[in-house]
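Here's the structure we're looking at; comments come further down.
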Amino acid sequence: MDRWRTLLTEGRHPDSDDLDTLSTEEVVGLLLEEDRRGLDLALAHREPIAKAAEWVAESLAEDASVVFIGAGTSGRLGVLEAAECPPTFGSDPEQIRALMAGGDDAVFRAKEGTEDDETAGREEVQGLAAGDLLIGLSASSVTRYVQGALNQARDAGARTVLVTCASSEGLESQADLVIGLATGPEILTGSTRLKAGSATKAVLNAITTAAMVRLGKTYGNLMVDLRPGSAKLQDRALRIIETAAEVSSEEARQLHAAADGNVKIAIVMGKLGVDATQAKRRLDTAGGHLRRVLGS
């Protein structure tokens, strides 16, 4: 019992002792104010977050794996982050993956107790090796499933990051890099899907997006490696070509078709007046970085 009693995330918030007597608007106000506080804490940890982003970029550049692992809300946030990377940045879904205590079914229906299985966490990441990166997600910092995975990954020579809403003090041995946000008690005691979840989501957004920027997956603020799998994304791809290549909407459509749907190739074709083969060759030489091909 003492193990749980002392956790910051299990504490009672002094501003919500009378939560059930407040108006609905007051309850909403409290919740959103705490969310904002969680985001401020994430911003204060931008240095270790940036380091994690650089590690993600390094692993992906070496064709190694980046794996998120967690339980409950934390695990679902990892699943969401991994799922969003391929359509946004054109990444390989096998290279950026997420593992969840209780398996895929637990994403949609809670499986309480699976988070306590340290052995299962170890077994989940048996395939990781040097060059790979494991990002453990645990709001409380004491999730056995995540601890087992982090220990196994380190034993195998993979890099490890722990993102937690506890203080990083005393957790240095759990991972190579600990991002401890210390978000404190929740408005609804113990419900880390609230402020802790929002702060964790912000950290993950920052890690993956910053990593992809470093890898040349963006040009300015345009997602030039997106996968246009829907009508909205197809339209966005054409608008990106139109903007970056400085061409008309009809020219953007023609370039997109000539580039076989590859946005970067279409931009190089439109901007430099070369054919698709030449554009691809220049991009390959530049490691896929559009800025290096087009200059400033």
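Would it be correct to say that T143 is more than 20 Å from the chain's Cα centre (by Cα), farther than 17 Å from H45 by Cβ, open to solvent by 10 Å² or more (accessible area, probe 1.4 Å) and among the hydroxyl-bearing types (S, T, Y)? Write out each step before concluding.
Values: more than 20 Å from the chain's Cα centre (by Cα): no; farther than 17 Å from H45 by Cβ: yes; open to solvent by 10 Å² or more (accessible area, probe 1.4 Å): yes; among the hydroxyl-bearing types (S, T, Y): yes.
In short, no.
Quick one: which helices (runs of 4 or more DSSP H) lie wholly within region 209-296 and hold at least 1 residues that are out of contact with any helix residue (DSSP H, G or I) (no Cβ under 9 Å at 6 or more places or on another chain)? If you could, list the steps in order and put the result at the bottom.
Numbers: elements: 231-245, 249-258, 263-272, 276-285, 290-294.
Per the criteria, 231-245, 249-258, 276-285, 290-294.
Being under 20 Å from L238 (Cα atoms) and of a type in the set (D, E, K, R) is the filter; apply it to region 256-296 and report the residue that is surrounded by the most Cβ atoms within 10 Å (Cβ to Cβ).
The selected residue is K264.
For region 181-193, which residues satisfy the criterion of being touching a residue at least 24 places away in the same chain (Cβ under 8 Å), of a type in the set (G, A, S) and surrounded by fewer than 18 Cβ atoms within 10 Å (Cβ to Cβ)? Working first, answer last.
Looking only at region 181-193, we keep the residues that are touching a residue at least 24 places away in the same chain (Cβ under 8 Å), and these are 181-190, 192-193.
In the following step, the residues that additionally are of a type in the set (G, A, S) were identified as 182, 184, 190.
A182, G190 - these are the residues of region 181-193 that are touching a residue at least 24 places away in the same chain (Cβ under 8 Å), of a type in the set (G, A, S) and surrounded by fewer than 18 Cβ atoms within 10 Å (Cβ to Cβ).
So that you can scan it fast, the table gives a plain yes or no per residue for (1) farther than 15 Å from A53 by Cβ; (2) among the basic types (K, R); (3) at pLDDT 95 or above; (4) open to solvent by less than 40 Å² (accessible area, probe 1.4 Å):
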{"residue": "R122", "(1), (2), (3), (4)": "yes, yes, yes, no"}
{"residue": "T164", "(1), (2), (3), (4)": "yes, no, yes, yes"}
{"residue": "I179", "(1), (2), (3), (4)": "no, no, yes, yes"}
{"residue": "A206", "(1), (2), (3), (4)": "no, no, yes, no"}
{"residue": "A211", "(1), (2), (3), (4)": "no, no, yes, yes"}
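From the residues in region 147-162 that are open to solvent by less than 10 Å² (accessible area, probe 1.4 Å) and not in a helix (DSSP H, G or I), which one is farthest from T6 (Cα to Cα)?
Only one residue tops the list, namely A158.
Against the conditions (1) more than 18 Å from the chain's Cα centre (by Cα); (2) open to solvent by 50 Å² or more (accessible area, probe 1.4 Å), where does V224 fall short? Just the number, please.
Result: V224 fails condition (2) only.
Pairs needed: first member in region 78-93, more than 25 Å from D235 (Cβ to Cβ); second member anywhere, open to solvent by 30 Å² or more (accessible area, probe 1.4 Å) and at pLDDT below 95; C-beta distance under 6 Å; at least 6 residues apart or different chains.
V79/V107
Hey, does region 194-203 have a residue that's open to solvent by 40 Å² or more (accessible area, probe 1.4 Å) and either part of a loop (DSSP other than H, G, I, E, B) or of a type outside the set (D, E, K, R) (or both)?
So in region 194-203, the residues open to solvent by 40 Å² or more (accessible area, probe 1.4 Å) come out as 201.
With either part of a loop (DSSP other than H, G, I, E, B) or of a type outside the set (D, E, K, R) (or both) added as a condition, the list becomes none.
No; the residues of region 194-203 include none that is open to solvent by 40 Å² or more (accessible area, probe 1.4 Å) and either part of a loop (DSSP other than H, G, I, E, B) or of a type outside the set (D, E, K, R) (or both).
The values are calculated or read from the model by the stated rules, or taken from the named source; none is laboratory data. These numbers were taken from a predicted model, which means no experiment stands behind them. So basically every Cβ, Gly included, is an ideal-geometry build from the backbone, and we count neighbours across all protein chains shown. All accessible areas refer to the heavy atoms of the entire protein, side chains included, with ligands and DNA or RNA removed. Shrake-Rupley method; radii C 1.70, N 1.55, O 1.52, S 1.80 Å.
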